[in-house]
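Participant: Shown below is the structure under consideration.
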Amino acid sequence: MAEEKKYRVALGCDEAAYDMKQALIEHVKSLGHEVEDFGTYDAEPVLYPDIAFKVAQSINEGKVDRGILCCGTGIGVAISANKVPGIRAAQAHDTYSAERARKSNDAQIVTMGARVIGVELAKSIVTSFLTSEFQGGGSQAKVDRIREFEQEHGSSTSGA
């Protein structure tokens, strides 16, 4: 059996998910990965888009390999991270979705909601995400098409 890859993993959250992020930092370290904590660093309100942007940009810049973002629902951080060109962030509240996000969609970031799932399930989701690799195959053309569209049209933050 091949040795599992070890990653540099960025974690970020808003105040609603602070406790979950802290538990996930320890979990990711226990799996043998390096961790970079992008905050928040306490339970004071923050603008989660800023944290999501920083995590996503750190992936694009090659500073980290994977990202984990949490907020109350996992939705806001997913939307925010996906505004960064080249990023594929997938919300997952079960291990199968986290696995498929990597295997089928080559997602670099998984997002979760601390008001939706508990810490133990979040740990299992993170493990599934970090132990799955993009399979290419039939999914390669789909991921390539997403990249092509993004290059042709750029990333838009417009809601119109």
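The values are calculated or read from the model by the stated rules, or taken from the named source; none is laboratory data. Computed from a prediction, not measured in an experiment: that's the story for all the values here. Cβ: placed from backbone, ideal geometry, glycine included. Neighbour counts: every protein chain shown.
Participant: Just to be sure I understand, how many residues within the stretch 21-31 are over 13 Å from ARG66 (Cβ atoms) and out of contact with any helix residue (DSSP H, G or I) (no Cβ under 6 Å at 6 or more places or on another chain)?
Facilitator: 6
Participant: Another question, if that's okay. Could you check the stretch 50-160 for strands (runs of 3 or more DSSP E) lying wholly inside it with 2 or more residues that are in contact (Cβ under 8 Å) with a residue 24 or more places away in the chain, within 21 Å of HIS33 (Cα to Cα) and within 10 Å of the chain's Cα centre (by Cα)? Give the derivation first.
Facilitator: Numbers: elements: 66-71, 89-91, 109-113.
Ranges flagged: 66-71, 109-113.
Participant: Those residues that are free of Cβ contacts under 8 Å to residues at least 40 places away in the same chain and among the aliphatic types (A, V, I, L, M), I need them from the stretch 1-49; list them, please.
Facilitator: Within the stretch 1-49, MET1, ALA2, ILE25, VAL35, ALA43, VAL46, LEU47 qualify.
Participant: Would you pick out the residues in the stretch 1-55 that are among the small types (Gly, Ala, Ser) and modelled with pLDDT under 95?
Facilitator: Residues satisfying the conditions are ALA2, ALA43.
Participant: Looking at the stretch 91-131 only, could you name the residues that are under 19 Å from ARG145 (Cα atoms) and either surrounded by fewer than 22 Cβ atoms within 10 Å (Cβ to Cβ) or basic (Lys, Arg) (or both)?
Facilitator: ARG100, ARG102, LYS103, SER104, ASN105, ASP106
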